[in-house]
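Participant: There's a structure below that I have some questions on.
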């Protein structure tokens with residue numbers, strides 16, 4: 001769930017982009033594992049969680 005004080009699409013997009021861009025890992029599977037822990041969306045069920 002994403003909770004915001006006000007609905008400003010450009011700011012929400014910028015913050016999400018910053019957050020996702022900062023995620024790193026030695027493999028794509030590790031990155032997907034982190035994304036799956038913090039956000040349940042289309043990545044749910046892809047790959048193996050480390």
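The values are calculated or read from the model by the stated rules, or taken from the named source; none is laboratory data. Computed from a prediction, not measured in an experiment: that's the story for all the values here. Cβ coordinates were reconstructed from backbone atoms using ideal geometry, including for glycine residues, and neighbour counts include every protein chain displayed.
Participant: Between 25, 47, which is modelled with pLDDT of 90 or more and surrounded by 10 or more Cβ atoms within 10 Å (Cβ to Cβ)?
Facilitator: Of 25, 47, the one residue that is modelled with pLDDT of 90 or more and surrounded by 10 or more Cβ atoms within 10 Å (Cβ to Cβ) is 25.
Participant: Out of the residues in the range 1-22 that are in a loop (DSSP other than H, G, I, E, B) and at pLDDT 75 or above, state the one that is surrounded by the fewest Cβ atoms within 10 Å (Cβ to Cβ).
Facilitator: By that ranking, first place goes to 3.
Participant: OK, next. Restricting the range 28-44 to residues that are surrounded by 15 or more Cβ atoms within 10 Å (Cβ to Cβ) and closer than 16 Å to residue 2 by Cβ, which is modelled with the lowest pLDDT?
Facilitator: 39
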